[in-house]
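No value in this document is a laboratory result; all are computed from the given coordinates. Keep in mind that this is a model prediction, so the values were computed, not measured. Every residue, glycine among them, receives a Cβ derived from its backbone with ideal geometry; neighbour counts consider all protein chains shown.
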């Protein structure tokens, strides 16, 4: 059994394994979203911003930065990590933690950095008013993407998980 701990504030990810299947490194490939087993990201964002004053602009920005696509392409090497969502520009980062700028189609700019521990890759997205931490890992046959969004504007973090299956050629 895998136990996953993430400290979004410190940006530290650790993985420990129990008696179930051992953790595997993130494999390069094409993955297809399992919508039935994944969380509803838009619902998570709506719930996270509900009751907060003046959230329209903030909510729209969160939604645009956290859109779900049916397919992702992963490239993972010892030095670099790359992820390409269907509708967004490719993210290419060094695993050394050095930040790089990434710009969404709507003009939002994020500083993105990556860390890897062998079994998982952690990407941290910094914006002016929020921070998103996404952990990518393999659990059994599935590619798992776990995201936590924190902001001084949010009373509690927004969390969601997406599950992908490796595409068959």
- Go through 57-69, 127-139 and give me the packing order, highest mean Cβ count within 10 Å leading. 127-139, 57-69
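Only helical DSSP H runs with n ≥ 4 go in: add -39500 (n - 2.57) per run for the chain, normalise by residue count and round the 222 nm mean residue ellipticity to 500 deg cm²/dmol. Provide the component values of the computation, followed by the final result.
Numbers: 2 runs with 19 residues, N = 169.
Computed mean residue ellipticity for the chain: -3000 deg cm²/dmol.
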- Query: Measuring from centroid to centroid over Cα atoms, what is the spacing of the range 28-99 and the range 109-169 in Å?
  - Reply: 7 Å
- Message: Contact order normalised by length for the range 81-169, with contacts defined as Cα pairs under 8 Å and 6 or more residues apart; what percent is it?
- Response: 15 percent
- Calculate, for residue 69 and residue 96, the FRET efficiency according to 1/(1 + (r/R0)^6) with r their C-beta to C-beta distance and R0 25 Å; round to the nearest 0.05. 0.35
- Message: Below 8 Å, C-alpha to C-alpha, sequence gap of six or more: please give me the relative contact order for the chain in percent.
- Response: 23 percent
- Message: Cα atoms only: what Rg and Dmax, in Å, come out for the chain?
- Response: 15.6, 48
